[in-house]
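As structure tokens, the structure follows; a few thoughts come after it.
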Amino acid sequence: MGYRLDEIDKRIIYYLMKNARDTSAPQIADEVNVSAGTIRNRIQQMQEHGIITGFHANIDFEHIDGRLTSLFSCTANIPMSESLARQILDIPGVVNIRELMTGRGNIQVKAVGEGTTDLSRIAHELTDRGLEIEDEDLIQNERFHSYHQFGPDEREGHVSLTDLVSLSGKADIVELVIEPNAPVVNKTLSEAGQEGLIDDELLVIAIERNESVLTPKGGTFIQPNDVVTVFSRDGMSEEALRGFTEAESN
């Protein structure tokens, strides 16, 4: 079964892409108003589903004894298998492989050499493994940036939804983060319902807290930074969610 990214997951990816080395779970948690445990749990889930595949340092090899970084555009006569990929990565100096959905030049190999002679050696080893080199270029600079669309939402005054799924008919499932000043905070679901803070048409179907997902019951308390999943058969509105959103200041 696939893993569906919500806004919390997207924000985690954004900050890890920006600087995984100096970004901690508590720092990301502060940005998205959830607990650090929730962030760690989400990272683990995305790793298990193959979405986050690793954390890599970006190295400028020119500053290390003037090493050269080259990009080889190659063609493989057969679809690139895992065994072939491992063979190429085993070539000393090869640091990255990309498979492209093209005919010619369908394999890009990034390699680092101590000089032109070393890069020639790598080129020979690529051809020995069945790749036809179409082009070779020295990389002068590389720049990286987080994926903008996963970044912070600068708008103010909107409901803090992390995910919205529309089902058949008018039914909706909404996932949202409970703000510290929300009216439902520190109340049980039964109390919140009795006080009219949870619309009669809404059903709380899950509460994510730290590294656990709770099955909601009448006596379950709602706490700040909980990630609450709510179901509505007749569609969702900000008015229906007023009890979960941050209380207006006087």
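The values are calculated or read from the model by the stated rules, or taken from the named source; none is laboratory data. None of the values given here were measured: they were computed from a predicted structure. In this analysis, Cβ positions are derived from the backbone assuming ideal geometry, glycine residues included, and neighbour counts consider all displayed protein chains. Surface areas here come from the heavy atoms of the whole protein model, side chains and all, with no ligands, DNA or RNA. Shrake-Rupley method; radii C 1.70, N 1.55, O 1.52, S 1.80 Å.
Quick look at the numbers
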| item | result |
| --- | --- |
| Every residue from segment 207-230 that is within 15 Å of Val34 (Cα to Cα), open to solvent by less than 20 Å² (accessible area, probe 1.4 Å) and not charged (D, E, K, R) | Ile207, Ile222, Val227, Val228 |
| Residue in segment 101-117 that is among the acidic types (Asp, Glu), exposed (fewer than 11 other Cβ atoms within 10 Å of the Cβ) and within 25 Å of Ala57 (Cα to Cα) present | no |
| Test: His63 is in contact with a Phe, Trp or Tyr (Cβ under 9 Å, 6 or more places away or on another chain) and open to solvent by 80 Å² or more (accessible area, probe 1.4 Å) | no |
| Lone qualifier among Glu48, Glu99 - being under 30 Å from Glu208 (Cβ atoms) and either free of Cβ contacts under 8 Å to residues at least 12 places away in the same chain or of a type in the set (Asp, Glu) (or both) | Glu48 |
| Which numbered condition Ser237 misses (of (1) touching a residue at least 24 places away in the same chain (Cβ under 8 Å); (2) in a loop (DSSP other than H, G, I, E, B); (3) open to solvent by less than 90 Å² (accessible area, probe 1.4 Å)) | (1) |
| Given (1) farther than 30 Å from Pro180 by Cβ; (2) in a loop (DSSP other than H, G, I, E, B); (3) free of Cβ contacts under 8 Å to residues at least 12 places away in the same chain, number of the condition Ala57 does not satisfy | (3) |
| Candidate set from segment 11-51 (those that are within 23 Å of Ile178 (Cβ to Cβ), more than 12 Å from the chain's Cα centre (by Cα) and polar (S, T, N, Q)); member that is surrounded by the most Cβ atoms within 10 Å (Cβ to Cβ) | Thr38 |
| Among the candidates Leu138, Leu197, residue that is of a type in the set (A, V, I, L, M), farther than 17 Å from Leu241 by Cα and at pLDDT 90 or above | Leu138 |
| Near pairs, Cβ below 7 angstrom, 6+ apart or cross-chain, from segment 61-75 (part of a helix (DSSP H, G or I)) to any residue that is open to solvent by less than 60 Å² (accessible area, probe 1.4 Å) | Phe61/Thr69; Phe61/Val112 |
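Matching residues to (1) under 28 Å from Thr23 (Cα atoms); (2) crowded, with 17+ Cβ neighbours inside 10 Å; (3) among the basic types (Lys, Arg); (4) at pLDDT below 95:
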residue	(1), (2), (3), (4)
Glu142	yes, no, no, yes
His145	yes, no, no, yes
Ser168	no, no, no, yes
Ile173	no, yes, no, yes
Glu201	no, no, no, yes
Ser232	no, yes, no, yes
